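A.B. asks: Got a structure here, written out as structure tokens. Questions coming.
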Amino acid sequence: MALTRRALIMLGAAATLSAPSLAACGSSLSGVQLRVATGGTGGVYYTLGSKLADAWASRLGVAKKVLQTSGSVQNLAALHKNTADVAFVAADAAAKDGAKGLRALARIYDDYIQVLVRNDSKINSLADLRGHAVSIGSDQSGVKVVALNLLTTAGLPDTSPTYFQDTLHDSLTYLVAGQRDALFWSGGLPTPDITKTMKSHPDVPLRMLDLSTVDRANLPYYNVETVPQTSYPLLARSDKAVSTLAVHNLLMVREDMPDDEAEALVRTLFEVQPDLATDSDQVVSLAAQLIDPRSAIETAPIDLHPGALSYYRSAKV
């Protein structure tokens, strides 16, 4: 007979006495499997998610498994199908999904929506993308949700033979080779693959479209943010700073996760946040610096898990 997750937790508690890791001793989660759905290896979801999974494993004794995925949409599906236990999800993708039976542990950092073109391109706005070859993100990704939201807001169709479902790595390769005219990406700053591409192809400078004038009346989960020059020093810029849109990222779980497990995951998140914020990996440190308990409770449109809420109340947030 299959054991319930609660039964596994209780068995994990008994196994704690013989667990080899001192950090896990005393943890009621020792031995419990924790599958963390992240994203592609070139993005912040995967990089930060791997470090966070390591922290949960070392401090709580969980048996971690980091899942490389296409992003938010696939991560939501994994939660629904019980093939993941914790997932990185963008708020707009969660809203579109409806997230029935799911809850949030925390709002973490924001993703910056990055629409890149070659600097010699005549494309200066979303409307200019009509008829051009555009990478809209891989299938089942949050990037694709973002791209279609913005394209339709700009008056372009939501389907077109000139839209291509490419991974970030492929879309960057096609962009510098002239096989794509623009690409959409939604991720933290800086995104490793974008930095790597600009360093590898200094002869093909890239430019980011300014999205500050996009009509956000029907896009409540986006807010205007400025892209710091330090994020992408090689990015071609005009005299003014580049403004784009940002969307909240959430750590999400199923609502049937035991309260003590959810509380422990959130507690550990904030215990290790100072270490992650000073991590030698700039991608991890910059994202972790934005994780704050006061903003973490702002998880709309998804309700907080009761276990997470218990932590925030005990921390007097």
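The values are calculated or read from the model by the stated rules, or taken from the named source; none is laboratory data. Quick caveat: nothing in here was measured; it's all calculated off a predicted structure. Cβ atoms come from the backbone with ideal geometry, glycine included; neighbour counts cover every protein chain shown. When the accessible area is computed, the model is the full protein with side chains, heavy atoms only, and any ligands, DNA or RNA have been set aside. Shrake-Rupley method; radii C 1.70, N 1.55, O 1.52, S 1.80 Å.
A.B. asks: I'm trying to understand the selection: among the residues of region 233-259, which are open to solvent by 30 Å² or more (accessible area, probe 1.4 Å), at pLDDT 95 or above and outside any loop (DSSP other than H, G, I, E, B)?
C.D. replies: R254, D259
A.B. asks: Report yes if A99 is open to solvent by less than 20 Å² (accessible area, probe 1.4 Å), outside any helix (DSSP H, G or I), closer than 29 Å to W56 by Cα and modelled with pLDDT under 95, otherwise no.
C.D. replies: Taking the combined requirement at face value, the residue satisfies it.
A.B. asks: For region 29-50, which positions are surrounded by fewer than 20 Cβ atoms within 10 Å (Cβ to Cβ) and in a helix (DSSP H, G or I)?
C.D. replies: Selection gives S50 alone.
A.B. asks: Determine, yes or no, whether V214 is hydrophobic (A, V, I, L, M, F, W, C), in contact (Cβ under 8 Å) with a residue 40 or more places away in the chain, on the phi < 0 side of the Ramachandran plot and in a helix (DSSP H, G or I).
C.D. replies: Judged against the criteria, V214 is not a match.
A.B. asks: Here is a list: A13, A55. Which entry is under 17 Å from E263 (Cα atoms), hydrophobic (A, V, I, L, M, F, W, C), part of a helix (DSSP H, G or I) and at pLDDT 85 or above?
C.D. replies: Only one candidate passes the filter, namely A55.
A.B. asks: Can you report the number of residues in region 193-231 which are charged (D, E, K, R) and more than 20 Å from N249 (Cα to Cα)?
C.D. replies: Residues that pass the stated criteria total 6.
A.B. asks: Then there is this: Would you check if there is a residue in region 201-219 being closer than 24 Å to I108 by Cα, open to solvent by 70 Å² or more (accessible area, probe 1.4 Å) and in contact with a strand residue (DSSP E or B) (Cβ under 7 Å, 6 or more places away or on another chain)?
C.D. replies: Yes, the conditions are met somewhere in region 201-219.
A.B. asks: Quick test of your reading of the structure: F88 fulfils all but one of (1) at positive phi; (2) under 17 Å from the mean Cα position of the chain (by Cα). Name the failing condition by number.
C.D. replies: (1)
A.B. asks: With respect to the numbered conditions (1) touching a residue at least 24 places away in the same chain (Cβ under 8 Å); (2) more than 27 Å from K122 (Cα to Cα), which one is the sole condition not fulfilled by L235?
C.D. replies: Just one mismatch for L235, condition (2).
A.B. asks: Here's another thing I want to ask about it. So which pairs qualify, if the first residue must be in region 302-317 and open to solvent by less than 30 Å² (accessible area, probe 1.4 Å), the second must be among the acidic types (D, E), the Cβ gap must be under 8 Å, and the two must be at least 6 apart or on different chains?
C.D. replies: Close Cβ pairs satisfying both conditions: H305/E255; H305/D259; G307/D259; G307/D260; G307/E261; G307/E263; A308/E263.
A.B. asks: Return a yes/no flag: does region 104-126 have any residue that is in a helix (DSSP H, G or I), open to solvent by 60 Å² or more (accessible area, probe 1.4 Å) and not hydrophobic (A, V, I, L, M, F, W, C).
C.D. replies: No - not one qualifying residue is present in region 104-126.
A.B. asks: For T230, are the conditions met, namely being at pLDDT below 90, β-branched (V, I, T) and either within 16 Å of G49 (Cβ to Cβ) or over 19 Å from the mean Cα position of the chain (by Cα) (or both)?
C.D. replies: Working: at pLDDT below 90: yes; β-branched (V, I, T): yes; either within 16 Å of G49 (Cβ to Cβ) or over 19 Å from the mean Cα position of the chain (by Cα) (or both): yes.
Taking the combined requirement at face value, the residue satisfies it.
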